[in-house]
Amino acid sequence: MTEHQAWTTLSYQQVLDTPYLKIRCEQVVIPGGTVIPDYYIIENRAWVGIVPFTADGYFLINNQYKHGIGCEVLEFPAGSLEDSEDDPLRTAHRELMEETGYSVEENQIELLAHMYANPTGARTRIWWYLARNVRKTNSPKVDPAEVIENRLVTPRELLQLIHDGRFAVQGQVAAAYMALERLGFMTASF
């Protein structure tokens with residue numbers, strides 16, 4: 001495989017700088033000498049997604065309105081690492097509890113994948129965890145910006161939601177397939 005050279009940043013300007021989103025415009029030189037005067041990079045907070053699976057064989061998913069797309073989406077619990085958090089696993093436990101009221105024992109949660117949201121224009125890192133034998137231990141956290149309806153679906157139903165285009169957030173779909181494989185519901189055949 002060919003090793004590609006990194007681009008050189010000549011200058012940059014911070015266009016937006018908030019606690020939740022940063023955008024900067026860089027002037028860069030790409031290998032070969034071409035200058036791109038306005039290459040924008042988004043710097044979101046890193047975030048964590050959790051694929052919760054119950055002892056009786058159900059995936060726990062959320063139905064939630066997402067203003068960015070302007071409609072409801074089905075997805076797994078997920079959320080940003082807070083400034084005080086440097087451990088994605090800790091964030092996974094917190095987000096699972098906040099969004100669902102479910103918890104998982106330490107020995108029942110494992111790293112499923114580390115992903116990049118959009119490496120072309122963003123520096124957003126994502127950690128996905130598979131949480132087995134989750135159980136309801138509390139009430140979800142009330143947050144007026146996150147009105148969440150939790151749903152339990154079988155592996156077959158989850159796969160059907162994906163194929164019907166109703167479970168359609170790209171990183172979530174990748175995590176779903178990886179969890180289905182890890183749990184033994186799907187196997188790769190080459």
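The values are calculated or read from the model by the stated rules, or taken from the named source; none is laboratory data. Given the structure is predicted, the values throughout are model-derived calculations rather than measurements. Cβ sites come from the backbone with ideal geometry, for glycine too, and all protein chains shown count toward neighbours.
Quick notes on this structure:
- So E105, is it within 23 Å of A55 (Cα to Cα), assigned by TED's automatic domain parsing to the domain that holds Y65, surrounded by fewer than 18 Cβ atoms within 10 Å (Cβ to Cβ) and not aromatic (F, W, Y): yes
- Filter result for the condition that a residue is free of Cβ contacts under 8 Å to residues at least 60 places away in the same chain, more than 30 Å from N133 (Cα to Cα) and of a type in the set (K, R), over R94, R24, R90: R24
- Among the residues of region 65-77, those identified as within 17 Å of W47 (Cα to Cα) and either outside the structural domain of W128 (by TED's automatic domain parsing) or touching a residue at least 60 places away in the same chain (Cβ under 8 Å) (or both) are E75, F76.
- Looking across region 12-59, the residues that are in the same structural domain as T100 (by TED's automatic domain parsing) and of a type in the set (S, T, Y) come down to T54, Y58.
- Restricting D87, D164 to residues that are closer than 20 Å to Y20 by Cα and surrounded by fewer than 14 Cβ atoms within 10 Å (Cβ to Cβ) narrows the list to D87.
- Test: residue in region 123-141 that is of a type in the set (A, V, I, L, M, F, W, C) and out of contact with any helix residue (DSSP H, G or I) (no Cβ under 8 Å at 6 or more places or on another chain): no
- Test: residue in region 110-127 that is under 16 Å from Y58 (Cα atoms) and touching a strand residue (DSSP E or B) at 6+ places or on another chain (Cβ under 8 Å): no
- For region 17-29, the set of residues classified as at pLDDT 95 or above and surrounded by 13 or more Cβ atoms within 10 Å (Cβ to Cβ) consists of I23, R24, C25, E26, Q27, V28, V29, listed by residue number.
- Candidates L130, L81, L158: the one that is modelled with pLDDT under 95, surrounded by 15 or more Cβ atoms within 10 Å (Cβ to Cβ), among the hydrophobic types (A, V, I, L, M, F, W, C) and touching a strand residue (DSSP E or B) at 6+ places or on another chain (Cβ under 7 Å) is L81.
- The strands (runs of 3 or more DSSP E) falling completely within region 108-190 that include 1 or more residues that are of a type in the set (K, R) and more than 13 Å from F53 (Cα to Cα) map to 125-136.
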